[in-house]
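Engineer: Pasting a structure here, questions to come.
The values are calculated or read from the model by the stated rules, or taken from the named source; none is laboratory data. Just so it is clear, the structure is predicted and the values come from calculations on it, not from any experiment. All Cβ positions, even for glycine, are placed from backbone atoms using ideal geometry, and neighbour counts span all protein chains on display. Areas reflect the complete protein model, heavy atoms only, side chains present, ligands, DNA and RNA absent. Shrake-Rupley method; radii C 1.70, N 1.55, O 1.52, S 1.80 Å.
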Amino acid sequence: MTYPDSYYRRTMADHTVRPSLAGNVDCDTVIIGGGLAGLTTALQLARGGQAVAVLEAESIGFGASGRNGGFVSPGYATGSAEIARIAGEDAARRLHLLSIEGMDFVRETIEALAIRDALPTRGITSVLRYADGASMKAHAEKMRRLYDYELDYLDRDQVRSVLKSDRYFQALRDRRAFHMHPLNYLRALAGEIERLGGLIYESSAVTKVVLDGAEKRVLTESGEVRARTVVFTTGGYTGSLHGRLKRAFLPIATYVMVSEEAPDLIASAIATADAIGDNRRAGDYYRVVDGGKRLLWGGRITTRAASTDALVRELRAEMVGTYPQLSGLKTELAWSGLMSYARHLMPQIGQMSPGVWYCTAFGGHGLNTTAIGGKVVAEGILGQSERYKFYQPFGLVWAGGLAGLAVAQLTYWKLQAQDWWRERAA
């Protein structure tokens, strides 16, 4: 069982080891990638009566799906104005409704399957690092008017009563959003897929695909799956198996750390069970875990592999800069993970050719969008709907290769500078 040493790995509830593919398998749909997108697609297809097989190169949830911040809330990695500019106002509204549905799908799945080890906790608060209550109120009113979605406005005093920091000003609290243990959720999905008759193979990296003709062939070192339909659901760890797919997104690294047990010290700074995120493009996100005993803190992005130790020093500087009272809080564990980002910062969901589907590029807002992505792809395969077509304006555009990575890093630095000046002017 291959996982990075993370808080989620150490608190994993299910330790089932699944076999690698050996020999030949026939099924209706084969899914390449055992993360949240792949398993959600497989779950919905199995619920729809299909015979499915999932091929995972490492272990279920090895990538970003099993090592992220655990936030489940509506929205995408890019803003609604940019979505509307590309796809139109009506499409932007439909897409946001889908993002809400994706969040609700995760919650309903946890409830339906009684996934207690997912530890869902209601409440995500988005905070400003400069004073602009008017924009917060306007956004809350827009969500209420367009989507009948309620957000609670918190003024500066209300924010600082629970987040003991003078870096924060106003906030919006989302009561419907929640946070959870993503790896435990994911492994429970795998168990349900198998209960429904689906097959899951770990340590089964795909070496070749033959996608011409009605019957597709997907090969590993020790076996082959034949199916009418193939779904690519790989992310930041995608190799060179499918050139067009690999060229369509960039692998971006992010970093997470978990503190030692220090419940009283943590409570002196953070007096809420809500998950917290700030308004910066690549801002801090954090939440108390382990029943309030530890603090999980994430942030920072890099476009190439970087020293986790060095990035942890930056994360700690952010944490202590926000909460000086946590200067003595020790970091016990840290890890990184690769997310996949498309140039347009939207998920890439659709059909490349008859019987060949893709569902990927969920970086920055993955837990709700992987859910709705897997759901609409399954609906398309089963002939239940064509809702996947709402994502057509955001296709497999070339992400720019090495030049794209350089542009992404420069854009990140520019946004950081803008955030810095805005805070200093507050």
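Engineer: Could you figure out which of (1) in a loop (DSSP other than H, G, I, E, B); (2) open to solvent by 50 Å² or more (accessible area, probe 1.4 Å) isn't true of Gly239?
Structural biologist: Of the numbered conditions (1) in a loop (DSSP other than H, G, I, E, B); (2) open to solvent by 50 Å² or more (accessible area, probe 1.4 Å), the odd one out for Gly239 is (2).
Engineer: Right, something else. What residue, among those in segment 105-135 that are without any contact (Cβ under 8 Å) to a residue 24 or more places away in the chain and in a helix (DSSP H, G or I), is farthest from Tyr388 (Cα to Cα)? Give the derivation first.
Structural biologist: Initially, segment 105-135 is screened for residues without any contact (Cβ under 8 Å) to a residue 24 or more places away in the chain, giving 108, 111-112, 114, 116, 134-135.
Keeping just the survivors that are in a helix (DSSP H, G or I) gives 108, 111-112, 116, 134-135.
Details: Glu108: 21, Glu111: 25, Ala112: 24, Arg116: 31, Ala134: 35, Ser135: 32 Å.
Within segment 105-135, the match that is farthest from Tyr388 (Cα to Cα) is Ala134.
Engineer: Looking at segment 283-295 only, could you name the residues that are touching a Gly at 6+ places or on another chain (Cβ under 8 Å) and surrounded by fewer than 22 Cβ atoms within 10 Å (Cβ to Cβ)? Give the steps one after another, and end with the answer.
Structural biologist: Filtering segment 283-295 for residues touching a Gly at 6+ places or on another chain (Cβ under 8 Å) gives 283-287.
Passing the criteria: Gly283, Asp284.
Engineer: Right, here's the next one. Can you tell me how many residues in segment 89-109 are in contact with a strand residue (DSSP E or B) (Cβ under 9 Å, 6 or more places away or on another chain) and not charged (D, E, K, R)?
Structural biologist: At the first step, the residues of segment 89-109 found to be in contact with a strand residue (DSSP E or B) (Cβ under 9 Å, 6 or more places away or on another chain) are 100, 102-104, 106-107.
Now narrow it down to the ones that are not charged (D, E, K, R): 100, 102-103, 106.
Number satisfying all stated conditions: 4.
Engineer: Now a separate question. Go through (1) open to solvent by 20 Å² or more (accessible area, probe 1.4 Å); (2) within 26 Å of the chain's Cα centre (by Cα); (3) without any contact (Cβ under 8 Å) to a residue 60 or more places away in the chain; (4) over 17 Å from Leu21 (Cβ atoms) for Asp264 and report which single condition fails.
Structural biologist: (2)
Engineer: For residues that are in contact with a Gly (Cβ under 7 Å, 6 or more places away or on another chain) and open to solvent by 30 Å² or more (accessible area, probe 1.4 Å), tally how many sit in segment 216-228.
Structural biologist: Taking segment 216-228 and keeping what is in contact with a Gly (Cβ under 7 Å, 6 or more places away or on another chain), we get 216, 223, 228.
Checking the rest, the ones that are also open to solvent by 30 Å² or more (accessible area, probe 1.4 Å) come to 228.
Number satisfying all stated conditions: 1.
Here's the yes/no breakdown for (1) within 19 Å of Val356 (Cβ to Cβ); (2) open to solvent by 30 Å² or more (accessible area, probe 1.4 Å); (3) in contact with a Lys or Arg (Cβ under 9 Å, 6 or more places away or on another chain):
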{"position": "Glu202", "(1), (2), (3)": "no, no, yes"}
{"position": "Thr207", "(1), (2), (3)": "yes, yes, no"}
{"position": "Ala214", "(1), (2), (3)": "yes, yes, yes"}
{"position": "Val230", "(1), (2), (3)": "yes, no, yes"}
{"position": "Thr233", "(1), (2), (3)": "yes, no, no"}
{"position": "Leu245", "(1), (2), (3)": "yes, no, no"}
{"position": "Phe249", "(1), (2), (3)": "yes, no, yes"}
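Engineer: So, one more: Just to verify a result, which residue in segment 73-92, among those that are more than 23 Å from Arg173 (Cβ to Cβ) and open to solvent by 20 Å² or more (accessible area, probe 1.4 Å), is nearest to the chain's Cα centre (by Cα)?
Structural biologist: Step one: list which residues in segment 73-92 are more than 23 Å from Arg173 (Cβ to Cβ), which gives 82-92.
This time we only want the ones that are open to solvent by 20 Å² or more (accessible area, probe 1.4 Å), so: 82, 85-91.
Numbers: Glu82: 20, Arg85: 24, Ile86: 22, Ala87: 22, Gly88: 25, Glu89: 25, Asp90: 25, Ala91: 22 Å.
Checking each candidate, the answer is Glu82.
Engineer: Identify, please: which residue in segment 37-62 is crowded, with 24+ Cβ neighbours inside 10 Å and among the polar types (S, T, N, Q) and is, among those, nearest to the chain's Cα centre (by Cα)?
Structural biologist: The qualifying residue nearest to the chain's Cα centre (by Cα) is Thr40.
Engineer: Another question about this same structure. Please verify whether Asp174 is in contact (Cβ under 8 Å) with a residue 12 or more places away in the chain and open to solvent by 10 Å² or more (accessible area, probe 1.4 Å), treating the condition exactly as stated. Write out each step before concluding.
Structural biologist: Working: in contact (Cβ under 8 Å) with a residue 12 or more places away in the chain: yes; open to solvent by 10 Å² or more (accessible area, probe 1.4 Å): yes.
So Asp174 passes the test.
Engineer: Hey, can you tell me all the residues within segment 341-369 that are open to solvent by less than 10 Å² (accessible area, probe 1.4 Å) and either among the polar types (S, T, N, Q) or touching a His at 6+ places or on another chain (Cβ under 6 Å) (or both)?
Structural biologist: Gln348, Thr360, Asn368, Thr369
Engineer: Regarding Arg187, is this residue within 22 Å of the chain's Cα centre (by Cα), modelled with pLDDT of 95 or more, open to solvent by less than 60 Å² (accessible area, probe 1.4 Å) and of a type in the set (Lys, Arg)? Show your work before the answer.
Structural biologist: Values: within 22 Å of the chain's Cα centre (by Cα): yes; modelled with pLDDT of 95 or more: yes; open to solvent by less than 60 Å² (accessible area, probe 1.4 Å): yes; of a type in the set (Lys, Arg): yes.
So Arg187 passes the test.
Engineer: Select from segment 123-139 the residues that are surrounded by fewer than 20 Cβ atoms within 10 Å (Cβ to Cβ) and among the small types (Gly, Ala, Ser) and list them in ascending order.
Structural biologist: Answer for segment 123-139, where residues must be surrounded by fewer than 20 Cβ atoms within 10 Å (Cβ to Cβ) and among the small types (Gly, Ala, Ser): Gly123, Ala131, Gly133, Ala134, Ser135, Ala138.
Engineer: Here is a check on your reading of the model: is Gly61 farther than 25 Å from Leu219 by Cβ and part of a loop (DSSP other than H, G, I, E, B)?
Structural biologist: On the way: farther than 25 Å from Leu219 by Cβ: no; part of a loop (DSSP other than H, G, I, E, B): yes.
Spelling it out, it is not the case that Gly61 is farther than 25 Å from Leu219 by Cβ and part of a loop (DSSP other than H, G, I, E, B).
Engineer: Restricting attention to segment 315-334, which residues are surrounded by fewer than 20 Cβ atoms within 10 Å (Cβ to Cβ) and touching a residue at least 40 places away in the same chain (Cβ under 8 Å)?
Structural biologist: In the first step, residues of segment 315-334 are kept if they are surrounded by fewer than 20 Cβ atoms within 10 Å (Cβ to Cβ); the result is 316-318, 320-321, 324-325, 327-328, 330-333.
Matches in segment 315-334: Arg316, Gly321, Gln325, Gly328, Lys330, Thr331, Glu332, Leu333.
Engineer: I've got another one for you. So, in segment 249-276, how many residues would count as being part of a strand (DSSP E or B), touching a Ser or Thr at 6+ places or on another chain (Cβ under 7 Å) and at pLDDT 95 or above?
Structural biologist: Total meeting the criteria: 3.
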